[in-house]
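Trainee: Below you will find the structure I want to go over with you.
The values are calculated or read from the model by the stated rules, or taken from the named source; none is laboratory data. Note that the coordinates shown come from a computational prediction; the quantities given were computed from them, not determined experimentally. So basically every Cβ, Gly included, is an ideal-geometry build from the backbone, and we count neighbours across all protein chains shown.
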Amino acid sequence: MKAARAFTPDVVSDITPALLAIGRDSFPQALIGTLRRVADVGHCMVFSFAGPRSAACLLDVGNIPTGRDLGIAYSEHFHQADPNRDAVFEGQARAAPIVLPNFARRMYSDGYRKIFFDDSDIVDKFASAIWTGDTCFYVNFYRITEQGRFTREQIARLTAVAPAVSAAVARHFQCDEAPDRDPMARLKTLFATAEQLARLTAREKEVCLRILSGFSSEAIAAELGIGLHSALTYRKRAYDKLGISSQNELFAIALRLVASSRPLN
């Protein structure tokens, strides 16, 4: 699947912790931490649809105390009254993540508004979805009264990262790797198989992987047993081959790889 939108340079590095936590127990906290840095999201819930009549709550993390109860209520009944439902299922034929319409209270029935917004202190919502085969992962981002509604800038930032976040969520819940697998190993797999990175030498890939993992140039040199000048040279050569000039652009490439790679079965 391909990312639906370009990544903006100032937010790509914020997404990296969630990318590295795919398949690990730390993923929920890494995800909400990422979303708070990107757009001050208060709460995140992920639902899956295996058909029009089947829904399940897969993830509930953040600042809404009744989140678990909301997940149960939505899965048992209210998913059928969700105004995003038609857009979600119409998007099943698409090969890209779906960014859903902006939140408006009038879209929801009185009963839905009472339970999911009034009683839960939710004042705003942003949502995206992604289909992998016959399963849809529906990702919802919320803010409570104390936070206020999303600003235009925050909506723009969420819109920019939603495809990558959706892809990361789908890969996490379909991941059959060991939960404690080294995040570096997952990135190595992407680097070994991605056509875009085929021109890089093995050493250039090793340097780029460590940049993505937050290593400084000095730390990269020490870990690889090379001089600082050599580490900087490998970085420059890799950037030149990739047509980039900054760490943020390297982050963007890594995120596009996640968004465009097939989910694990």
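Trainee: Condition first: closer than 10 Å to Val99 by Cα and either without any contact (Cβ under 8 Å) to a residue 40 or more places away in the chain or over 8 Å from the mean Cα position of the chain (by Cα) (or both). Now tell me which residues in the range 154-174 satisfy that.
Mentor: Matches in the range 154-174: Leu158, Thr159, Ala160.
Trainee: A further question follows. Considering Ala73, Ala39, Ala50, which residue is surrounded by fewer than 22 Cβ atoms within 10 Å (Cβ to Cβ), out of contact with any Ser or Thr (no Cβ under 7 Å at 6 or more places or on another chain) and in contact (Cβ under 8 Å) with a residue 40 or more places away in the chain?
Mentor: Going through Ala73, Ala39, Ala50 in turn, just one is surrounded by fewer than 22 Cβ atoms within 10 Å (Cβ to Cβ), out of contact with any Ser or Thr (no Cβ under 7 Å at 6 or more places or on another chain) and in contact (Cβ under 8 Å) with a residue 40 or more places away in the chain: Ala73.
Trainee: Please determine, by comparing only the residues of the range 220-265 that are hydroxyl-bearing (Ser, Thr, Tyr) and either closer than 30 Å to Gly133 by Cβ or not in a helix (DSSP H, G or I) (or both), which one is modelled with the highest pLDDT. Give the derivation first.
Mentor: Taking the range 220-265 and keeping what is hydroxyl-bearing (Ser, Thr, Tyr), we get 230, 233-234, 239, 245-246, 260-261.
Restricting the remaining residues to those that are either closer than 30 Å to Gly133 by Cβ or not in a helix (DSSP H, G or I) (or both) gives 245-246, 260-261.
Details: Ser245: 89, Ser246: 86, Ser260: 60, Ser261: 58.
So, considering only residues that are hydroxyl-bearing (Ser, Thr, Tyr) and either closer than 30 Å to Gly133 by Cβ or not in a helix (DSSP H, G or I) (or both), the one modelled with the highest pLDDT is Ser245.
Trainee: Taking into account only those residues within the range 86-102 that are assigned to a loop (DSSP other than H, G, I, E, B) and free of Cβ contacts under 8 Å to residues at least 40 places away in the same chain, which is nearest to Phe47 (Cα to Cα)?
Mentor: It comes out as Leu100.
Trainee: Do we find a residue being assigned to a strand (DSSP E or B), at pLDDT 90 or above and either at positive phi or touching a Cys at 6+ places or on another chain (Cβ under 7 Å) (or both) anywhere in the range 34-41?
Mentor: no
Trainee: Tell me whether the range 169-177 contains one or more residues that are among the polar types (S, T, N, Q) and at pLDDT 85 or above. Break it down into steps so the answer makes sense when it comes.
Mentor: Taking the range 169-177 first, the residues among the polar types (S, T, N, Q) are 174.
Okay, now just the ones that are also at pLDDT 85 or above, so none.
Within the range 169-177, not a single residue is among the polar types (S, T, N, Q) and at pLDDT 85 or above.
Trainee: Kindly evaluate Arg94 against the criterion of being closer than 19 Å to Ala160 by Cβ and basic (Lys, Arg).
Mentor: Here the answer is yes, as Arg94 does meet what is asked.
Trainee: Can I ask one more? Would you mention how many residues in the range 108-151 are free of Cβ contacts under 8 Å to residues at least 24 places away in the same chain and either buried (at least 22 other Cβ atoms within 10 Å of the Cβ) or not assigned by TED's automatic domain parsing to the domain that holds Leu59 (or both)?
Mentor: Of the residues in that region, 1 qualify.
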